[in-house]
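Enquirer: Could you have a look at this structure, given as structure tokens, before my questions?
Values in this text are rule-based calculations from the coordinates and carry no lab data. Predicted model, so just to flag it, every value in this text is computed and none were measured. Because the Cβ atoms are built from the backbone with ideal geometry, glycine has one as well, and the counts that use them run over all protein chains shown.
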């Protein structure tokens, strides 16, 4: 085996009430303009509005994205990347569970170039290998 050192730049915070720490965590990581990726259920439940208030109170501009479904595929992730590209975001927050985190990870990976100055990924353990998404498609491929 060839020796190597691999350091993930991921931070996942999981605990009851951790949403209250969102603004401070984002400021600590020097986020200025973040893409807030959350599924429509979290929008409907008011969680996205709460997260936006917390981020904005900490001086972090937040732009929500929720135009994806369960088990986001490459087309959904590419839609998120295209949505985020002109916004000049420097970070991505995935709020919620599986689909939100998978979509946030995919947008993060597909967002090349340019790369945000602060890249944060977290998720459920779904594998992302090279530039292939959950459905095995390359970004921008037609199928």
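Enquirer: By the gyration tensor of its Cα atoms, with a ≥ b ≥ c the square roots of the eigenvalues, what is the shape of region 12-80: rounded for a/c under 1.5, prolate for a/b over b/c, or oblate? Kindly include the intermediate steps, with their values, before the conclusion.
Expert: Numbers: a/c = 1.92, a/b = 1.55, b/c = 1.24.
Because a/c hits 1.5 or more and a/b exceeds b/c, region 12-80 counts as prolate.
Enquirer: If each residue of separation counts as 0.36 nm, what is the full-extension length gain between residue 87 and residue 32 once their alpha-carbon separation is subtracted?
Expert: On the way: separation 55, 0.36 × 55 = 19.80 nm, distance 1.18 nm.
So the chain would gain 18.6 nm between residue 87 and residue 32.
Enquirer: In addition: Please report 63, 89 as a ranked list, fewest other C-beta atoms within 10 angstrom at the top and most at the bottom.
Expert: Exposure proxy ranking, most exposed first: 63, 89.
Enquirer: Let me ask you something else. In what order do 20, 56 fall by count of nearby beta-carbon atoms within 10 Å, going from fewest to most? Working shown, then result.
Expert: Details: 20 9, 56 12.
Fewest-to-most Cβ neighbours within 10 Å comes out as 20, 56.
Enquirer: While we're on this one: Rounded, prolate or oblate: which fits region 35-75, taking a ≥ b ≥ c as square roots of the Cα gyration tensor eigenvalues, rounded meaning a/c under 1.5, else prolate when a/b beats b/c?
Expert: Details: a/c = 4.17, a/b = 1.78, b/c = 2.34.
In terms of gyration-tensor shape, oblate.
Enquirer: Exposure proxy check: 73, 28 ranked by fewest other beta carbons within 10 Å? Can you show the working numbers first?
Expert: On the way: 73 17, 28 11.
Ranking 73, 28 by Cβ neighbours within 10 Å, fewest first, gives 28, 73.
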